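See below for the structure under consideration.
The values are calculated or read from the model by the stated rules, or taken from the named source; none is laboratory data. Treat the numbers as computed from the prediction; the structure is a model and nothing was measured. Neighbour counts are summed over all protein chains in view; Cβ atoms, including those assigned to glycine, are modelled from backbone coordinates with ideal geometry. Remember, those area values only see protein heavy atoms, side chains included, never the ligands or the DNA or RNA. Shrake-Rupley method; radii C 1.70, N 1.55, O 1.52, S 1.80 Å.
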Amino acid sequence: MTKRSEIRIPANEIPFAKRSDASIAVVGNPNSGKSTLFNRLTGLKQRIGNYPGVTVERHIGLLKVDDKVIELVDLPGTHSLSAHSLEEHIAVDVIFGRMQGMQKPDGILVVLDATNLYQGLFLVQQLIDLKLPMVVALTMTDAAERSGVGIDIERLRQALGGVPIYPIVATTGAGLPQLRLAIADMPSLVPTERIVVWPELTEAARELSHDAREPLRFAELERLLIDGPIDANREFLEKLGGNARGKLEAVRDSLFGIEPPIAKDARIRYAWVRKVLAEVQHSAPPFYSWRVQIAAFINRPVPGTIGLFLVMAIVFQAVFAWATPIMDLIDAGAAVLGASVTQALGEGAFSSLIADGIIAGVGSVVIFLPQILILFLFIILLEDSGYLARAAYLMDRAMRSVGLSGQSIIPMISSFACAVPGIMATRVIPNRRDRIATIMAAPFMTCSARLPVYALLIAAFVPARQVGFMNLQGLVLFGLYLFGIVAGILTALLIRKTALRGPKPSFALMLPEFRRPNLQTVFIQLLGRAKVFLYRAGTVIFTVAVIVWALAYFPRSESIAPAVERQQTIAAYTLSGEELAAEYQRIENVAAAAQMEQSWLGRAGHFVEPAFAPLGWDWRVSSAVIAGFPAREVVIAVLGTVYAVGDEANEGTLSGRLKASTWPDGRKVFTLPMVIGLLIFYACCLQCAATLAVIRRETNSWRWPVFAWLYMTSIGYLGALLAFQLGSA
Amino acid sequence: MEINGNTLATLKRGEKGIIRFVDAADPQVQRLMVLGLVEGAEVEHASSAIGGDPMEFRLFGCGISLRQEHAKYFKVSPVAAGD
Ligand SMILES: Nc1nc2c(ncn2[C@@H]2O[C@H](COP(=O)(O)OP(=O)(O)OP(=O)(O)O)[C@@H](O)[C@H]2O)c(=O)[nH]1
Ligand SMILES: [Mg+2]
């Protein structure tokens, strides 16, 4: 029982600023394990990956220790305080307190990777210059131990001027209780003294600060001296005042001479790091662990490249082969459920809403959950094991020939899951031109929302024949993925050759060691993905299914029911037994089709049909495609609903209904050229509002999303037109 | 100290060298220095991709990949095997 319990205030009544006692920034090198630790401490599920640059935005979470609430800010990784790429800018801006809408952090939780002290200490040393309360979490101590690195923590603490250091293993939670307490006490911590690694720099900073208008922190003066009067340092420059500003260039000149400041700074600081390492690190990391061996093998030109394609082929094969049994189960389940609803409720608007609208619409999307999870599982494994970074390295040369760099590979592979995080991952690309070209290529990558469309059409229209070790269906899917890659790359090339001409992109990438993926991490991320997918199915897709059902069901025609009755009566005179039952069914199907055609959806579909007729699409396909513009997987739900109401309803599964669908004159709608065209359309068309929004945000202009939409839609249309016209000729 | 025109680009796979001089005019090279490729650092050429480009170097246990066009700005003196 605490005394405080009586005066507890509901959380929503506490002013936001007071909800936490302190704001602490989580800072460290890229891929040092910041997000893993952050998730452990706050319980938030951040994306985790074993390549540098997974976190490209800041994330805020709360850490509760006793009665204190500490706000933790997970930042993108950075190697130094002079930012190089957009994500590093975000980290540095938050650290210096110049990020809009965020106050200066009250303290810094440094994440120091025990297996990479070399780059880690380079950053820590600069962070100490900030004179903020600071605690070091020495993470990955398990990995360090395994590879034979011994670290003398007491000596390291001394070398860093007495900063508290807590050895932890973020993946298992070892050492976290002590760290938690230390973080809670951080605000009262007195910052340690600066470490003077470079006396001349200290002297120059002091000289500059003499005539400053407002007091500047040492770290701020340092930035001015090393990075110069660049845009990011505007605020510090203003504090300096007019007089001192004139002096800045002179001081810099005498400090650096003709040498590039960043180069000289790096040389001197790393010399200090090496000195510290010699004292605190018992045994140098062995150059050859099994991980390095694997890396070396994979990086051999031939096995590496073959391996890359093999890995991708296995993924696509798995997406098809492993998921099928579960999908068949869901499909059958939905059909049984729909039928029993109709039986229990009888015919009528309500029963049709439940069976044809909701079960058929939502069910036809949910069925793809197994495939999507398998796909995500592979991407998470590739990411977490460190393979993605290898892929970037392997592909750099190929990417260079199209005006991109290997760094563009990671956003592009992420886009196979979803273009939104993929586009956000482009922030690690330092050059703006390269970044935009990659952003334009990303939506061409086959995302998990395209997968259901492909899967449906392929399962229905491509025979499941065995070709070599692969299934023909898997092969076609692989081809579609390849098509997306090629289209994306050609687009990037086109853009780099026209609108964004410029010097060829640079490439420098840290290659993490292979790690055994952390099962818990993989599972948590997979679960998160499943939730997002089901949430969408339950909200967006559900709503669309209901709306589409209503549009397809209403208005009810007055003249159809009497006509059906009349025809059935006539049939009863001439036929009997099974023949009569079949005739009854036929008449009902024709009636259902007629009802559908004069529904709102039918009328709208007929209205747009001329535009899509050259592609071989009837009004049903056209209206489904149009409904899918905000989110492409909606098309499946619409087809599911439309075909549940229409005359193919008794075909059972959706793919069966598609196969049975005909033009009024009896020709099949879904011919091979038409299906190929439809697949091409889906491979190209940018039917995703979320992607457009993220392009707008990431490029900070309307020009690029508008261009992307027009460009991709036209290519899709032309591709489908060509496929159908040539194929049917 | 013998340098003899050896650069990171001329190190063979498995060979180690100590960086002796960096021609840092190119901002990309400066970036690599921030990553730790500076004078005094010992590096090993770990692997290269198709056509020998880009190259991967090991440096105090971490891997850095860079292109040959930049590797040639880092002059090295070889370290004898078994060091
Ligand atoms: N062995 C081991 N692996 C860890 C530990 N902490 C994190 N990892 C792994 O390190 C990799 C990178 O972790 P992240 O948390 O994404 O790293 P980050 O610093 O947030 O990376 P960026 O956001 O890209 O800067 C993942 O594969 C983790 O599973 C640890 O304590 N021990
Ligand atoms: Mg992170």
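May I ask you to derive the relative contact order of chain A, considering only C-alpha pairs under 8 Å and at least 6 residues apart, and to give it as an integer percent?
11 percent
Give the carbon-plus-sulfur fraction of the accessible surface of chain A in %, rounded to a whole number; probe 1.4 Å, heavy atoms of protein chains only. Write down the numbers at each step before the final one.
Working: 19440 of 31130 Å².
On chain A, the fraction of accessible area on carbon and sulfur atoms equals 62 percent.
Determine the sum of side-chain charges near residue B:71: Lys and Arg each +1, Asp and Glu each -1, restricted to other residues whose C-beta is under 11 angstrom from that of residue B:71.
With Lys, Arg at +1 and Asp, Glu at -1, the net is 0.
Taking Rh as the Kirkwood radius, which is the inverse of the mean 1/r over Cα pairs, what is the Rg/Rh value for segment A:199-283? Before the final figure, lay out each step's value.
Values: Rg = 14.7 Å, Rh = 13.8 Å.
My calculation of the ratio gives 1.07.
Please compute the modelled spin-label separation between residue A:585 and residue A:497, points set 7 Å along Cα→Cβ, answer in nm with one decimal.
According to this spin-label approximation, the distance is 5.6 nm.
Using each residue's phi in segment A:338-343, evaluate 6.51 cos²θ - 1.76 cosθ + 1.60 at θ = phi - 60° and report the 3J(HN,Hα) Karplus result to the nearest Hz, with x for Gly and Pro.
Values, residue by residue: x, 5, 6, 5, 4, 5 Hz.
Counting every Cα pair in segment A:546-694, what percent are over 25 Å apart?
The calculated P(r) of segment A:546-694 puts 34 percent of pairs beyond 25 Å.
First select every other residue whose beta carbon is under 11 angstrom from the beta carbon of residue A:196; then total the charges, Lys and Arg +1, Asp and Glu -1.
My count for the surroundings of residue A:196 gives -3.
Just to be sure I follow the definition: excluding the sites themselves, where is the longest run in chain A that has none of the GluC sites (Glu not before Pro) in a DSSP loop with at most 16 other Cβ atoms within 10 Å?
Result for the longest clean stretch: A:348-557.
Which whole-Hz couplings ³J(HN,Hα) result when phi for each residue of segment A:629-642 is put into the Karplus expression 6.51 cos²θ - 1.76 cosθ + 1.60, θ = phi - 60°, listed in order with x for Gly and Pro?
Here the 3J(HN,Hα) series is 4, x, 7, 5, 6, 4, 4, 5, 4, 5, 4, x, 6, 4 Hz.
Quick check: convex hull over the Cα atoms of chain B, volume per residue in Å³, rounded to an integer?
For chain B, the hull spanned by Cα atoms encloses 87 Å³ per residue.
Once the convex hull of the alpha carbons of the protein assembly as shown is built, what does its volume come to per residue, in cubic angstrom?
Working: hull volume 165.5 nm³, N = 812.
Taking only Cα atoms, the protein assembly as shown has a hull volume of 204 Å³ per residue.
Roughly how many whole Å is it from the C-alpha centroid of segment A:138-205 to that of segment A:446-513?
Their Cα centres are 44 Å away from one another.
In the full protein assembly as shown, how much of residue A:195 is accessible to a 1.4 Å probe, in Å² to the nearest 10?
The accessible area of residue A:195 comes to roughly 20 Å².
Give me, ordered by chain and number, the residues 5 or more places off residue A:27 or on other chains with an amide H under 5 Å from its own placed amide H.
The list, which skips near neighbours in sequence, is A:109, A:110, A:111.
List the lysines whose alpha-carbon lies under 24 Å from that of residue B:72, not counting same-chain residues fewer than 8 positions away?
List returned: A:264, A:504, B:12, B:16.
State the extension gain, in nm to one decimal, for the chain segment bounded by residue A:504 and residue A:598, taking 0.36 nm per residue of separation less the distance between their alpha-carbons.
Residue separation times 0.36 nm, minus the Cα-Cα distance, leaves 28.1 nm.
Identify all aspartates and glutamates with a Cα-Cα distance to residue A:68 below 18 Å; exclude those on the same chain that are fewer than 8 residues away in sequence.
Here the aspartates and glutamates satisfying the reach criterion relative to residue A:68 are A:6, A:13, A:21, A:106, A:185.
Rounded to the nearest 0.05, what FRET efficiency do residue A:608 and residue A:559 give with R0 = 22 Å and r taken as the Cβ-Cβ distance? Could you check?
0.30
Looking at chain A, which longest stretch skips every one of the trypsin sites (Lys or Arg not before Pro) that is in a DSSP loop with at most 13 other Cβ atoms within 10 Å, leaving the sites themselves out?
A:214-464
If you stretched the chain out fully between residue A:100 and residue A:520, how much longer would it get, using 0.36 nm times the residue separation minus the C-alpha to C-alpha distance?
147.7 nm
Across 5 Å bins from the origin, how do the percents of Cα pairs in segment A:127-209 run, short distances first?
All Cα pairs considered, the percentages come to 3, 13, 18, 20, 17, 12, 8, 5, 3, 1.
With every protein chain present, what is the per residue accessible area of the protein assembly as shown (1.4 Å probe, Å²)? Before the final figure, lay out each step's value.
Working: 34170 Å² over 812 residues.
Normalised by residue count, the accessible surface of the protein assembly as shown is 42 Å².
Once the Cβ-Cβ distance between residue A:398 and residue A:573 is put in as r, and R0 is 60 Å, what FRET efficiency do you end up with, to the nearest 0.05?
E(calc), rounded to 0.05, equals 0.25.
Evaluate E = 1/(1 + (r/R0)^6) for residue B:18 and residue A:278, where r is the Cβ-Cβ distance and R0 equals 22 Å; express this FRET efficiency to the nearest 0.05.
On the way: r = 15 Å, r/R0 = 0.66.
The value I calculate is 0.90.
Bin all alpha-carbon pair distances of segment A:556-615 at 10 Å intervals from 0 and give each bin's fraction as a whole percent.
Each 10 Å bin holds this share of Cα pairs: 21, 37, 23, 16, 3.
For segment A:666-674, just list the computed ³J(HN,Hα) in residue order, Karplus coefficients 6.51, -1.76 and 1.60, θ = phi - 60°, integers in Hz, with x standing in for Gly and Pro.
Those phi angles translate into x, 5, 5, 6, 8, 8, 4, x, 5 Hz.
Calculate the spin-label point distance for residue A:336 paired with residue A:706, positioning each point 7 Å from the Cα along the beta-carbon direction, and give it in nanometres.
Once both label points are built, they end up 5.4 nm from each other.
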